[in-house]
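The values are calculated or read from the model by the stated rules, or taken from the named source; none is laboratory data. Because the structure is predicted, anything quoted here is derived from the model rather than measured. Quick reminder, even Gly has a Cβ in these numbers, built from the backbone with ideal geometry, and neighbours come from all protein chains shown.
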Amino acid sequence: MQFDMMTFGIPMVELMRKEPDVPLSECGAFLGPFAAGDPGITLNACCTLGHSGCYVGVVGADAFADCFLRRMRKSNIDTTYIRVDHTHTTGISMLANFSDGSRSFVFTLPTSAAALLGPEDIPGELLRQVRWIHVSGFAMSVSDSIVELHRRLMREIGDNVSVSFDPNYRKEMIDADRFVKICATVFERCNLFLPSRGEAKLFCPSAENDREACRNIAQSGKKVALKNGSGGCYGFRGGQEKHIPGLPVREVDPTGAGDTFGGTLIAALLEGTDFFEALRYANAGGAIAVSRVGLMDIAPTREDIAALLNGT
């Protein structure tokens, strides 16, 4: 079977504070569990728009795995290559949002089943049948075996496979210098680079700011989309640069919006849409995501995006 998109991820669930400004160190209520992990959110957004997808990962034999797998199957994502480990539990993320826009996380990922993903999980028979592979720097931060998987993967795929790379750097998981080092092979191979504010400069330290870093990176032949929150995004292709303004929506919860942006963008590019027009489409996907609470259930449909872009 051919898949439009595949990701090697970190199956997990997220529990998020019900109210803002309640630190994780204090007693308080949570919402969830929500099926989570940025690779899955990105893949889910793409598949919600009608594309076929395959997720490769490891879960525990527990109720949180059931939550994650049920969400994947609801979006018709192939879960054949998600294996179950009976000695580790499914990964958990706990999140607190604050009024100043900051967030605080606690992750169990390094000791979870997700961390067991390794080179032996690469479905070699499928690599010749997939059009697009999405890689998360956050996933690569979880374990050495996941790093090795992605290094081997980059060697084994052909030039006909497009690769997107979203750094999604989390200081709670790894220091910046080591992060850049472990992601180097994927960064060099990727066709589409998807940094958020502060991340582009990590991969081009000689640049004065993120936009200059993106300009320099785009000169190597990559398409670059710099996510800029409510300010929309900046697109870079060769010597071209374009700002795509944000869309006016009422923000409810920004969690997962950048990953939804990425999945919406990939869907448009798979359909042959021009890069800068695809960014406009992705902006709408991200804007719709921030107006909803959740992680994968927030993914917009084609009708949602058309309504927002058409002002209806």
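Just a few scattered comments:
- Residue in segment 108-123 that is of a type in the set (Asp, Glu), at pLDDT below 90 and exposed (fewer than 13 other Cβ atoms within 10 Å of the Cβ) present: no
- Considering only residues in segment 278-312 that are out of contact with any Pro (no Cβ under 9 Å at 6 or more places or on another chain), among the polar types (S, T, N, Q) and in contact (Cβ under 8 Å) with a residue 12 or more places away in the chain, the one that is nearest to ARG71 (Cα to Cα) turns out to be THR301.
- Scanning segment 115-166 for residues that are assigned to a strand (DSSP E or B) and aliphatic (A, V, I, L, M) yields VAL130, ILE133, VAL135, VAL163.
- Hits in segment 186-197 (condition: surrounded by fewer than 18 Cβ atoms within 10 Å (Cβ to Cβ) and in contact with a helix residue (DSSP H, G or I) (Cβ under 7 Å, 6 or more places away or on another chain)): ARG197
- The listed residue being touching a Pro at 6+ places or on another chain (Cβ under 9 Å) and charged (D, E, K, R), out of ASP259, ASP274: ASP259
- Residue in segment 134-157 that is modelled with pLDDT under 95 and polar (S, T, N, Q) present: no
- In segment 14-31, residue farthest from the chain's Cα centre (by Cα) [restricted to those that are in contact (Cβ under 8 Å) with a residue 12 or more places away in the chain and loosely packed, with under 11 Cβ neighbours inside 10 Å]: ALA29
- Test for GLU271: is it out of contact with any helix residue (DSSP H, G or I) (no Cβ under 8 Å at 6 or more places or on another chain) and at pLDDT 95 or above: yes
- Scanning segment 167-225 for residues that are β-branched (Val, Ile, Thr), within 23 Å of GLU241 (Cβ to Cβ), in contact with a Lys or Arg (Cβ under 8 Å, 6 or more places away or on another chain) and part of a helix (DSSP H, G or I) yields no hits at all.
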